[in-house]
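Below: the structure, in structure tokens.
The values are calculated or read from the model by the stated rules, or taken from the named source; none is laboratory data. Just so we're clear, the structure is a prediction, and the values are computed from it rather than from any experiment. Ideal geometry is used to build each Cβ from the backbone, glycine not excepted, and the neighbour counts take in all protein chains shown.
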Amino acid sequence: MEKLSAKHPLLYVKTKKYRMNKNQLKKIIKKNIDSKEVANIEANAWDSLAHLNILMELEKVFPRKITSIEGIAEANNYKDLKNILISKKILLND
């Protein structure tokens, strides 16, 4: 077994699935929405360009996971986006 692990060290590496917390999500949203709305992102919806930028940022963090989620294209506010990401076990429900 040791010879095999020496030849294939990645074979035995356990990977931990990364999950984002709510503050990290808020940081991505704040980076991509109009600065006037930053004070209270939980109460406001954002425009389609900001939404596209937010989804692209999330796709960078979670490759091939975000764009395939049903309903994510319509989730243009924090509450809807948060709920979808929690249901898909991408966002921690802390």
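Side notes on the structure shown:
- Note on region 41-93: residues that are assigned to a helix (DSSP H, G or I) and either surrounded by 16 or more Cβ atoms within 10 Å (Cβ to Cβ) or free of Cβ contacts under 8 Å to residues at least 12 places away in the same chain (or both) amount to 23.
- Scanning region 18-39 for residues that are exposed (fewer than 15 other Cβ atoms within 10 Å of the Cβ), charged (D, E, K, R) and modelled with pLDDT under 70 yields a single hit, Lys36.
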